[in-house]
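The values are calculated or read from the model by the stated rules, or taken from the named source; none is laboratory data. Please read all numbers here as calculations on a predicted model, not as lab measurements. The area values use the complete protein model at the heavy-atom level, side chains included, leaving out ligands, DNA and RNA. Shrake-Rupley method; radii C 1.70, N 1.55, O 1.52, S 1.80 Å.
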Amino acid sequence: MRGVTLVAALALIAVVAGLAYQRGASDCRARYQARATLARTLEEKAHADPVAVPRCLGPQRLRRLNHLR
């Protein structure tokens, strides 16, 4: 009777440990997927078309300012 109980307890421990391992692995994969998606989004934004910045001073105005020195 003790042998059967011992085997049943060991089988239960093995099943519970296996389920915990699978859950941990799936949680790890989900976190990796989220980080990969975020990294891909940031990479795409970094390589997007640059924002056009208007010139503060035109070439003629800059020449006039240099001439004043």
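Entry comment: accessible area of the chain is 102 Å² per residue, from protein heavy atoms only and a probe of 1.4 Å. When a 1.4 Å probe is rolled over the protein heavy atoms, the share of accessible surface on the chain that falls to carbon and sulfur comes to 64 percent. Computed from Cα atoms, the angle from the helix 59-68 axis to the main principal axis of the chain rounds to 60 degrees.
Determine how many Å³ per residue the convex hull of the Cα atoms of the chain encloses. Mind dumping the intermediate values first?
Working: hull volume 6.9 nm³, N = 69.
Once divided by residue count, the hull of the chain is 100 Å³.
For the chain, the longest principal axis of the C-alpha atoms and the axis of helix 2-46 are separated by about 10°. By the helix-only formula, in which each DSSP H run with n ≥ 4 contributes -39500 (n - 2.57) and the sum is divided by residues, the chain has a 222 nm mean residue ellipticity of -28500 deg cm²/dmol.
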